[in-house]
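The values are calculated or read from the model by the stated rules, or taken from the named source; none is laboratory data. Quick caveat: nothing in here was measured; it's all calculated off a predicted structure. Here the Cβ positions follow ideal geometry from the backbone for every residue, glycine too, while neighbour counts run over all protein chains shown. Only protein heavy atoms, including side chains, enter the accessible area calculation; ligands, DNA and RNA are left aside. Shrake-Rupley method; radii C 1.70, N 1.55, O 1.52, S 1.80 Å.
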Amino acid sequence: ISSSTMSASVGGAVCVFAKCPIPGRSKTRIAPLLGEDGAASLATAMLSDILVSLTTCAHLKETLKVLVYAPGSSEGEEHMKSILHSLHLSAISCGEESSRIFDEWVLLPMASGASKEDLTSSSLGSKLEDALDKTRSLLAKVHKMTATQQSNEAVVFLGMDAPELPLEEIVYGLQTSSGNKAHLCPADDGGYGMLSVPRNAPSSQIFHGIRWSNNSTAVSQLKSLSDCCIDISIGKMMNDVDEPNDVIRLAKRLICSRDSNQDDNRQSKDDVLSLSSSIGSAIRDAETANACQYTWKALFDLNVITETSDGICLNNSRIASAR
C-alpha cells in the first residue's frame, strides 16, 4: 500500500464500544486517584478525543461510524447524544435514515443479557458478534442507499480506553480487511485496542472462546481468527487506561509528545510495530497536531498535570496524596 492509496477515503465501518461515563459506574479502578467524578470526567474526555479524531480524519470521510453504547437503554442513548452534541457532532439512532450518514454517528445499543453491564464481562463476545452483524447490515443499506462504488465491508472495533488513537492503523486495517485479512493492535495489558474484521470472517465464530479481561486476550483472539482461516497482520502497541498508574503514564506520554525537545521519548519510526513511513506518516502528522486535546485538558483540570516556572510536568504532590 502506497501513500497515494492512503489519501482517499477507505470506506467500511468503525465501531466504538463505550460505557456511559457516569460517576461511580465508569472507570471505577481509577477513582482512588481521581475520585468518582474525576474518573468519569477523564472517561468522557478520552471518549471525546476518540470520537473527534475519527470524525475529522479525512481518510474516514466515507466510513460509517457507529457508537455501541452501554447501558443500551434510552438513558444510555441520551447520555451519548449529549456527549456528541457537546462536541458539535451529529448523532442518529440506529434505524433512522439520513442523507448525511457519513457525517453522523449511528447510536447502536449494546446487546443486553449479561448479569452486569461491564464491558469486561464474559458476554463481551456475544456483544461483539451482535454489533458486527448489525453493522454489516447497516453497511449493506448504506451502500444501497448511497449507490456508492465504495463497497468496503470491513469493520473496525475500538474501545474507549486508549485515547492515543493510531489513525494510520485504523485506515490500514480498513484497507487490508477489504480482502481476507484481519488487522489487530495489541494492548500493553495483554488485550487488544483495535481489531479490523474482514467481510468473510464468520461473526458466530471469531469471538467465541476468547479469554476476555486476561493477559492472553489478544493471543486467544488471534488464535480464533486463525482457526477460521483468516490471515492476520499485527499493528502497533496501544496503551489502555484502566488503573491509576495507567493515568500517570498517559500524562507522562502526553507531556513528552508536546515537548519538541524530547523527540527521543516518542516511539521510533523504525519500531517494528509501526507502519512504514510511506504508509502512515501523513496520517501520523495529522493526528499529532491536536492529539488528545480533551484528555489533556481533563488531566490539567484534575490537577494530574500542572504548570510551573520550569514548564509543564506531573503534579507529584497530587499523585502522592492519592496513594
| field | Residue that is outside any loop (DSSP other than H, G, I, E, B) and open to solvent by 10 Å² or more (accessible area, probe 1.4 Å), where the choices are Ile210, Ile232 | value | Ile232
| Looking at segment 191-206, which of its residues are closer than 16 Å to Ala154 by Cα and part of a loop (DSSP other than H, G, I, E, B)? | Pro198, Arg199, Asn200, Ala201, Pro202
| query | Pick from segment 1-21 the residues that are surrounded by 22 or more Cβ atoms within 10 Å (Cβ to Cβ) and of a type outside the set (Val, Ile, Thr): which of them is modelled with the lowest pLDDT? | reply | Gly11
| note | Checked pairs for segment 180-199, first farther than 11 Å from Lys236 by Cβ, second aromatic (Phe, Trp, Tyr), C-beta under 6 Å and 6 or more apart or across chains, list as Leu195/Phe157
| Restricting the search to segment 81-97, which residues are in contact with a helix residue (DSSP H, G or I) (Cβ under 9 Å, 6 or more places away or on another chain) and either outside any loop (DSSP other than H, G, I, E, B) or surrounded by 13 or more Cβ atoms within 10 Å (Cβ to Cβ) (or both)? | Ile83, Leu84, Ser86, Leu87, Leu89, Ser90, Ala91, Ile92, Ser93, Cys94
| request: Report yes if some residue within segment 22-33 is among the polar types (S, T, N, Q), at pLDDT below 95, open to solvent by less than 60 Å² (accessible area, probe 1.4 Å) and within 18 Å of the chain's Cα centre (by Cα); otherwise report no. | output: yes
| Hits in segment 243-252 - residues which are surrounded by 17 or more Cβ atoms within 10 Å (Cβ to Cβ) and not β-branched (Val, Ile, Thr) | Pro244, Asp246, Leu250, Ala251
| note | Residue count, segment 213-229, condition part of a helix (DSSP H, G or I) and either at pLDDT below 95 or over 24 Å from Leu54 (Cβ atoms) (or both), comes to 7
| query | Is it fair to say Leu165 is under 18 Å from Phe102 (Cα atoms), touching a residue at least 60 places away in the same chain (Cβ under 8 Å) and in contact with a Leu (Cβ under 8 Å, 6 or more places away or on another chain)? | reply | no
| request: Mind listing whichever residues of segment 44-77 are under 18 Å from Phe157 (Cα atoms), in a helix (DSSP H, G or I) and open to solvent by less than 10 Å² (accessible area, probe 1.4 Å)? | output: Met46, Leu47, Ser48, Asp49, Ile50, Leu51, Leu54, Leu60
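For segment 163-190, name all the residues that are among the small types (Gly, Ala, Ser), surrounded by 24 or more Cβ atoms within 10 Å (Cβ to Cβ) and not in a helix (DSSP H, G or I). Outline the logic, then answer.
Pass one, segment 163-190, residues among the small types (Gly, Ala, Ser): 173, 177-179, 182, 187, 190.
Retained after the next criterion (residues that are surrounded by 24 or more Cβ atoms within 10 Å (Cβ to Cβ)): 173, 177, 182.
The answer is Ser177, Ala182.
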